[in-house]
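This report concerns only the one structure given below.
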Amino acid sequence: QVKEDILCRFGELGIAAHEGNLLFRPEMLRKREFQLAPRVVQYAGVAGDLQSLTLEAGALFFTYCQTPVIYALAEKEALEITYADGHTQRSSVLMVNEADSRKIWRRTGEIRQVKVWLSPNRLL
């Protein structure tokens, strides 16, 4: 039952794999799930250590393969990957390329977080 609930939740969050790429297409996500106020969240990092992250108002946080994923509302959709060395890569396509998807799935720690800006029109 727990595994089924997790798979259903990832479906609601719009996470899918297609041809080796990680996609974000949240068609069943509700606007009311986004935080109204800033807050600090804690999660287990890929090394098993406790990490914390400050979220802005209007964000939704979850981890995927122990990699933090932040959804934020915006007029223009985009995806930004932050790497462990601090550099970022931004795209207008809500997809992580095959090489970076593999890093997430293998929990290499090379990707610090993924931030996805979503149009409110996409959500329920």
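The values are calculated or read from the model by the stated rules, or taken from the named source; none is laboratory data. Owing to the predicted nature of the structure, the values given are computational and were not obtained by experimental measurement. Neighbour counts run over all protein chains shown; Cβ positions are idealised from the backbone, glycine included. Each accessible area value is taken on the protein alone, full model and side chains, heavy atoms only, with ligands, DNA and RNA left out. Shrake-Rupley method; radii C 1.70, N 1.55, O 1.52, S 1.80 Å.
Return the total of residues in the stretch 21-52 being surrounded by 10 or more Cβ atoms within 10 Å (Cβ to Cβ), free of Cβ contacts under 8 Å to residues at least 60 places away in the same chain and closer than 14 Å to residue 112 by Cα.
Looking only at that region, the number is 3.
Restricted to the stretch 74-96, and to residues that are touching a strand residue (DSSP E or B) at 6+ places or on another chain (Cβ under 6 Å) and part of a loop (DSSP other than H, G, I, E, B), which residue is most open to solvent (accessible area, probe 1.4 Å)?
For the stretch 74-96, the residue satisfying everything is 92.
Just the residues that are open to solvent by less than 20 Å² (accessible area, probe 1.4 Å), closer than 16 Å to residue 104 by Cβ and of a type in the set (A, V, I, L, M, F, W, C), please, taken from the stretch 63-73.
69, 70
For residues that are part of a strand (DSSP E or B) and either farther than 24 Å from residue 93 by Cα or hydroxyl-bearing (Ser, Thr, Tyr) (or both), tally how many sit in the stretch 9-58. Full working, then the answer.
Within the stretch 9-58, the subset part of a strand (DSSP E or B) is 15-18, 21-24, 39-44, 50-55.
After this cut, where a residue has to be either farther than 24 Å from residue 93 by Cα or hydroxyl-bearing (Ser, Thr, Tyr) (or both) as well, the list is 39-44, 50-54.
Of the residues in that region, 11 qualify.
Considering only the stretch 53-96, state which residues are in contact (Cβ under 8 Å) with a residue 60 or more places away in the chain and either under 11 Å from residue 116 (Cβ atoms) or over 14 Å from the mean Cα position of the chain (by Cα) (or both).
Result: 94, 95, 96.
Would a scan of the stretch 104-115 turn up a residue that is among the aromatic types (Phe, Trp, Tyr), open to solvent by less than 20 Å² (accessible area, probe 1.4 Å) and within 15 Å of the chain's Cα centre (by Cα)?
no
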